[in-house]
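> My questions will all concern the structure given below.
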Amino acid sequence: MVQQTVMAAEGLDKRFWQGGERIYALSGVSFGVERGSFVAVMGASGSGKTTLLNLLAGLLRPDGGRILLDGMDFSSLGGSERARVRRRRIGFVFQDYNLLPNLTLEENVRLPRLLDKPPEGAERWAAEILEFLGLAGRLKHLPRQLSGGERQRAAIARALSMKPDIVLADEPTGNLDLRGSSQVCGLLRRLCRERGCTVLAVTHAPHVAIHADRILMLGDGRLLSDRPVTDFADAEQLATAYQRLLAPAAGEAGEEGRP
Ligand SMILES: Nc1ncnc2c1ncn2[C@@H]1O[C@H](COP(=O)(O)OP(=O)(O)OP(=O)(O)O)[C@@H](O)[C@H]1O
Ligand SMILES: [Mg+2]
């Protein structure tokens, strides 16, 4: 089967100004994502993971470089056109969930389908996702009446509401126990295998990243590593590689002292 690149980042730069200081959130980040693949994005806090996801979703514009969606320069589109493409194609799981506080879980998940014409079968699909994620008994609850894990699963269900072909998920298992996180990993994997969906998920957890096809590691806004999961024997070996990358001495001291 010929692999197709659905999404590509080319030399992405993003800077922020904070208190008169320039912060280089991302510098020269380039990679491609194959259609139907599951990519995990790892990196220390502040390394630029959320910024990267926001750029890929068109929620932010890069200061340099570009994002291609099926070869089309997504980042150069105007705001409303980018929003239109995003609503139709991209499901986004926010790190802080972004659930609307005055809407019930069910209404939050339905919202994307009210804002745009939903694709065929979206209603039933959303009901199945809610059932699968164990939320069917919580539909009438407001976000504040849900547990952290339930809110997180609600945010995932909302992101999938429009049957997107690309899912960008910012730490989608950060607030889940082991059972919940393996359930979500299973769901993301199935979306790729059965629906040809492309998934990029930020995670700190090697036991989550090991379910991906590729693993990107960011450090200080740069892409430090982009490797297939088959490079790692198991989650433990991945954890060791990740720790080594995160250790500040590793970056500064180069290869010296490495086993
Ligand atoms: N809107 C903003 N204004 C100013 N600085 C920002 C803004 N957004 C992000 N940053 C800075 O950019 C850097 C990258 O932030 P980002 O949120 O992408 O990190 P992250 O890898 O997602 O971290 P975490 O694991 O804690 O979620 C950080 O230094 C952060 O303080
Ligand atoms: Mg983040």
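We did not get these values from a lab; they are worked out from the coordinates using the rules stated. It should be emphasised that the depicted structure is a prediction, and the values quoted were computed from it without experimental measurement. No Cβ is skipped: glycine too gets one built from the backbone with ideal geometry, and neighbour counts run over all protein chains shown.
> Exactly one of (1) in contact with a Leu (Cβ under 8 Å, 6 or more places away or on another chain); (2) among the acidic types (D, E); (3) within 23 Å of L52 (Cβ to Cβ) is unmet by E171. Its number?
(1)
Yes/no per residue for (1) within 16 Å of ligand 2 (Cβ to nearest atom); (2) over 17 Å from the mean Cα position of the chain (by Cα):
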position: K14; (1), (2): yes, yes
position: Q18; (1), (2): yes, yes
position: G32; (1), (2): no, no
position: D63; (1), (2): no, yes
position: S75; (1), (2): no, yes
position: S80; (1), (2): no, yes
position: Q95; (1), (2): yes, no
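> Return yes when P101 is part of a loop (DSSP other than H, G, I, E, B), over 23 Å from K163 (Cα atoms) and either within 20 Å of the chain's Cα centre (by Cα) or of a type in the set (D, E) (or both) and no when it is not.
Criteria not met by P101.
> Follow-up. Restricting the search to segment 174-225, which residues are surrounded by fewer than 21 Cβ atoms within 10 Å (Cβ to Cβ), within 16 Å of ligand 1 (Cβ to nearest atom) and not in a loop (DSSP other than H, G, I, E, B)?
G219, R222, L224, S225
> Scan segment 127-144 residue by residue and report those that are exposed (fewer than 15 other Cβ atoms within 10 Å of the Cβ) and among the charged types (D, E, K, R).
Correct list: E128, E131, K140, R144.
> Give A40, A8, A57 a once-over and let me know the one that is more than 16 Å from ligand 2 (Cβ to nearest atom) and within 15 Å of the chain's Cα centre (by Cα).
Going through A40, A8, A57 in turn, the sole match is A8.
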